[in-house]
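Please treat every number below as a calculation from the coordinates, not as lab data. Just so it is clear, the model here is predicted, and its values are computed rather than measured. Reconstructed Cβ throughout: ideal geometry from the backbone, glycine too, with neighbour counts over all protein chains shown.
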Amino acid sequence: MTYSNEAAAQAPLHLERLQLGPMANFVYLLVPTQRGRLAVVDPAWDVPALLARADELGRPLTDIVLTHHHADHRNGVEGLLERFSLRIHVQRAEKQWLRDAAWLSEVVWHDGGDVIELGGGATVTCLATPGHTPGSQCLLCNDNKILTGDTLFIDGCGRCDLPGGDAGALFKSLANLRTHLPKSTLVLPGHDYGPVPEASWEQQEISNPYLQLRADRDFVDYRLRPRS
């Protein structure tokens, strides 16, 4: 999907969303309006589809941004590096989980609050949101959209029972987003696991059960309840 309405056309950055792979991943292209860099968020599963779209846009990919280290969000990195020279943006807390990756020399390590400049006024702010993994991050675009990876789904959130997961940390991350995000912010998750592919933060505060839980213990118990 391309966000190509009149307002988006005037913004410094527009997004394209591709649903790829057996886990209904959403992979996003960050396309600066003024022909700056071209970034892909969480490239996975179908490298030819990403290469084809970059060719259609008429510009080379320059950046990869990972929301976290899990393989289903990065198994296309090597394929893209065969075609392009890329900067790979990752939260510093993911470093130990990527120590065996062959492309560490290409990584730009970030901390929460770092801003990735994509040219022409297009920016992405890296928000540290640990919980699903220690270095999970959400990406706040300067057009009031947030890419949440596996931190927050539509009417759901990422699991915390895998290595490095921490339900208490995820509760704090979501509480921090609740405090600081405008209610109009559009939530764009990393998987198509909900009833719709996107929703406003205000809508999620109403319908997402994980955002209804305001006590740490209640959230942890609910998130770690036995999976059927």
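Cross-link partners of Lys183 among aspartates and glutamates, defined as those whose alpha carbon lies under 13 angstrom from its own and excluding same-chain residues fewer than eight positions apart: Glu202, Glu205.
If you average the C-alpha positions of the stretch 98-139 and of the stretch 38-52 separately, how far apart do those two centres end up, in angstrom? With the stretch 98-139 and the stretch 38-52 each reduced to a Cα centre, they are spaced 17 Å. When each of the peptides 98-109, 151-162 is scored by the mean number of other C-beta atoms lying within 10 Å of its residues, the order from highest to lowest reads 151-162, 98-109.
Evaluate E = 1/(1 + (r/R0)^6) for Arg217 and Arg178, where r is the Cβ-Cβ distance and R0 equals 22 Å; express this FRET efficiency to the nearest 0.05. If you can, show how the numbers build up before the last one.
Values: r = 18 Å, r/R0 = 0.80.
Computed FRET efficiency for Arg217 and Arg178: 0.80.
Below 8 Å, C-alpha to C-alpha, sequence gap of six or more: please give me the relative contact order for the chain in percent. Don't skip to the end; give the middle numbers.
On the way: 483 pairs, mean separation 33.9, N = 228.
Computed over the chain, the figure is 15 percent.
If you place +1 on the Cβ of every Lys and Arg, -1 on the Cβ of every Asp and Glu, and leave all else neutral, what size is the dipole of the chain about its Cα centre, to the nearest 20 Debye?
Details: 21 positive and 28 negative charges, 62 e Å.
Using only the charged Cβ atoms, the result is roughly 300 debye.
Working from label points 7 Å from Cα in the Cα-to-Cβ sense, the Leu104 to Ser200 distance is 4.5 nm.
Taking 0.36 nm per residue of sequence separation and subtracting the Cα-Cα distance, how much length would be gained by fully extending the chain between Ala49 and Arg225, in nm to one decimal?
Values: separation 176, 0.36 × 176 = 63.36 nm, distance 3.72 nm.
Gain on stretching Ala49 to Arg225: 59.6 nm.
In order along the stretch 48-61, phi translates into HN-Hα couplings of x, 5, 5, 5, 5, 5, 4, 5, 5, 6, x, 8, x, 5 Hz, rounded to whole numbers, per the Karplus curve 6.51 cos²θ - 1.76 cosθ + 1.60 with θ = phi - 60° and x for Gly and Pro.
Around Phe171, under 10 Å between beta carbons, what's the net of Lys plus Arg minus Asp minus Glu among the other residues?
Details: positive: Lys172, Arg214, Arg217, Arg223; negative: Asp166, Asp216, Asp218.
Taking every other residue near Phe171 into account, the sum is +1.
Using the Cβ of Val107 as centre and a radius below 15 Å, the other residues enclosed give a net charge of -3, where K and R count +1 and D and E count -1.
Considering only the other residues whose Cβ falls under 12 Å of the Cβ of Asn75, what net charge follows from Lys and Arg at +1 and Asp and Glu at -1? Before the final figure, lay out each step's value.
On the way: positive: Arg74; negative: Asp42, Asp46, Asp72, Glu78.
Combined, the nearby Lys, Arg, Asp and Glu give -3.
Here the Karplus relation 6.51 cos²θ - 1.76 cosθ + 1.60, evaluated at θ = phi - 60°, turns the backbone of the stretch 213-223 into coupling constants of 8, 9, 10, 3, 5, 5, 5, 4, 4, 6, 5 Hz, with x for every Gly and Pro.
The alpha carbons of the stretch 6-223 stretch over 48, 44, 32 Å along the principal axes, in descending order. Taking the DSSP bridge list for the stretch 6-223 and keeping only pairs wholly inside it, about 65 percent are antiparallel. Using θ = phi - 60° in the Karplus curve 6.51 cos²θ - 1.76 cosθ + 1.60, the 3J(HN,Hα) couplings for the stretch 119-132 round to x, x, x, 7, 9, 10, 9, 7, 9, 5, 9, x, x, 5 Hz; x is entered for Gly and Pro. When every Cα-Cα distance of the stretch 75-180 is counted in 10 angstrom steps from zero, the calculated P(r) takes the values 14, 42, 35, 9, 0 percent.
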